[in-house]
1. Residues of region 139-158 being within 22 Å of His122 (Cα to Cα) and within 12 Å of the ligand (Cβ to nearest atom), which ones?
2. Among the listed residues Gln192, Gln183, Gln200, Gln219, identify the single one that is exposed (fewer than 12 other Cβ atoms within 10 Å of the Cβ) and of a type in the set (S, T, N, Q).
3. Filter the strands (runs of 3 or more DSSP E) completely within region 114-228 down to those with at least 1 residues that are hydroxyl-bearing (Ser, Thr, Tyr).
4. Which of (1) out of contact with any Leu (no Cβ under 9 Å at 6 or more places or on another chain); (2) among the aliphatic types (A, V, I, L, M); (3) within 22 Å of Leu23 (Cβ to Cβ) is the odd one out, the single condition Leu171 does not satisfy?
5. Which pairs have Cβ atoms under 6 Å, sit 6 or more apart or on different chains, and link a residue in region 201-228 that is closer than 20 Å to Asp155 by Cβ to one that is not aliphatic (A, V, I, L, M)?
6. Residues that are modelled with pLDDT of 95 or more and away from the ligand (no atom under 12 Å from the Cβ): list the helices (runs of 4 or more DSSP H) wholly contained in region 1-72 that include at least 1 such residues.
7. Specify which of the listed residues (Gly32, Gly63) is farther than 17 Å from Gln119 by Cβ, out of contact with any helix residue (DSSP H, G or I) (no Cβ under 9 Å at 6 or more places or on another chain) and touching a residue at least 12 places away in the same chain (Cβ under 8 Å).
8. Kindly indicate the residue of region 80-110 that is of a type in the set (Ser, Thr, Tyr) and in a helix (DSSP H, G or I) and also surrounded by the most Cβ atoms within 10 Å (Cβ to Cβ) among those meeting that condition.
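The values are calculated or read from the model by the stated rules, or taken from the named source; none is laboratory data. A quick note: this is a predicted structure, and the numbers were derived from the prediction, not measured. No Cβ is skipped: glycine too gets one built from the backbone with ideal geometry, and neighbour counts run over all protein chains shown.
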Amino acid sequence: MATATPEPNTDQSDLSLLKERILLVGLTGGIGSGKTAVSDLLGKYGAGIIDTDLIAHQITAPGGIAIPLIQAQFGSEFIDPSGALDRSKMRALVFGNPEQRLALEKITHPLIRQETVRQANHLALNRAPYLVFVVPLLIESGNWRSLIDYLVVVDCPVETQIERVMHRSNLPRSQVENILKAQASREERLSQADAVIENQGSLTDLENEARDLHQKILQIQKDRASSS
Ligand code: ATP
């Protein structure tokens, strides 16, 4: 279930301290635009990747740290036989019910934030040249934009997004269109981008674009280090 990614805190123990030492890159894009494909490539070239969507899934997977809290708050019927959050049941509960959504986010957001900061510190300590935060709803949330140094938007035509998601997730067109409606528009995203990865060609084209982007970010990081 796609949940809004929590706003990062800016207290002392948080990402703002890292910002002084290492370039913080935000990576966003609409559903199915290719964020994971791009972050996988940047990770292969050596970037430190923190995928907030993946973290949200991990904490609600079997044995995840959010599971006992969700069970206590909402009841055992929201935990499936494998021990994971029953996403479709929870989606049905929070849909159009802001109070329940808030109750869920009160549990998940601090845990996602905590894990995001932990992974970022770990990667920085292990000498990642820069950090990439993959945040699906980065444009839609306020704080993220001010915290990161450089925003990369993965972009492709809406029709391509729809086709990819229908194919990947086996969803009907109407459901994908509803998800798209709840997200920022292509134009809103592009207007805030420092760099755009056009992902409407082949995966080989994407690899070339990601390699160029990696070099560009390394250069920005170098320029910043030499001017400080
Ligand atoms: P979501 O927001 O749903 O997490 P995403 O933005 O992370 O999606 P991906 O998961 O990277 O997008 O890509 C969506 C699907 O499209 C995947 O199945 C991926 O393999 C495929 N895909 C991405 N880019 C390309 C491309 N250039 N050519 C062909 N298939 C692609």
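1. Residues satisfying the conditions do not exist here.
2. Numbers: Gln192 fails: exposed (fewer than 12 other Cβ atoms within 10 Å of the Cβ); Gln183 fails: exposed (fewer than 12 other Cβ atoms within 10 Å of the Cβ); Gln200 fails: exposed (fewer than 12 other Cβ atoms within 10 Å of the Cβ).
Testing whether each residue is exposed (fewer than 12 other Cβ atoms within 10 Å of the Cβ) and of a type in the set (S, T, N, Q) leaves just Gln219.
3. Values: elements: 131-134, 150-155, 195-198.
Here the list reads 150-155.
4. (3)
5. Correct list of pairs: Leu206/Asn199; His214/Tyr45; Ile217/Tyr130.
6. On the way: elements: 15-19, 35-45, 52-59.
In region 1-72, the matching helices (runs of 4 or more DSSP H) lie at 35-45, 52-59.
7. Details: Gly32 fails: out of contact with any helix residue (DSSP H, G or I) (no Cβ under 9 Å at 6 or more places or on another chain).
Step by step, each of Gly32, Gly63 is checked, and only Gly63 is farther than 17 Å from Gln119 by Cβ, out of contact with any helix residue (DSSP H, G or I) (no Cβ under 9 Å at 6 or more places or on another chain) and touching a residue at least 12 places away in the same chain (Cβ under 8 Å).
8. Filtering region 80-110 down to residues of a type in the set (Ser, Thr, Tyr) leaves 82, 88, 108.
Restricting the remaining residues to those that are in a helix (DSSP H, G or I) gives 88, 108.
On the way: Ser88: 10, Thr108: 23.
Restricting to residues being of a type in the set (Ser, Thr, Tyr) and in a helix (DSSP H, G or I), the top hit is Thr108.
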